[in-house]
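First comes the structure, then the notes that go with it.
Each value in this text was obtained by applying a stated rule to the coordinates, not by laboratory testing. Predicted, not measured: the structure shown is a model, and the values here were computed from it. Ideal geometry is used to build each Cβ from the backbone, glycine not excepted, and the neighbour counts take in all protein chains shown.
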Amino acid sequence: MLTLEELSAFDGKNGNKAYVAVDGIIYDVTDSSAWKDGNHNGNQAGQDLTKEIMEDSPHGISALENVPAIGKLVEN
């Protein structure tokens with residue numbers, strides 16, 4: 001479990017792992033070719049991207065089926 005503040009350290013930059021949260025679940029996108037250096041179509045890892053993935057993304061949450069879910073996002 002990570003807080004939003006803790007999640008921000010996992011931005012995929014400078015050798016950091018790349019994690020994103022969607023609908024309370026944290027996904028590890030580090031090894032996804034779509035998330036090079038923690039960035040995908042203007043979205044940066046290390047954030048809660050629920051709105052961006054669920055509402056704005058053409059593929060929705062289905063693309064996250066290919067990356068591991070590693071935990072849950074919790075309130076500070």
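Per residue, the convex hull spanned by the Cα atoms of the chain measures out at 78 cubic angstrom. The calculated FRET efficiency for the pair ASP23 and ASP56, based on their C-beta separation and a Förster distance of 22 Å, comes to about 0.95.
Calculated on the Cα set of region 1-43, radius of gyration then Dmax: 9.8, 27 Å. For region 36-76, the direction-averaged projected area of the alpha-carbon convex hull comes to 3.6 nm².
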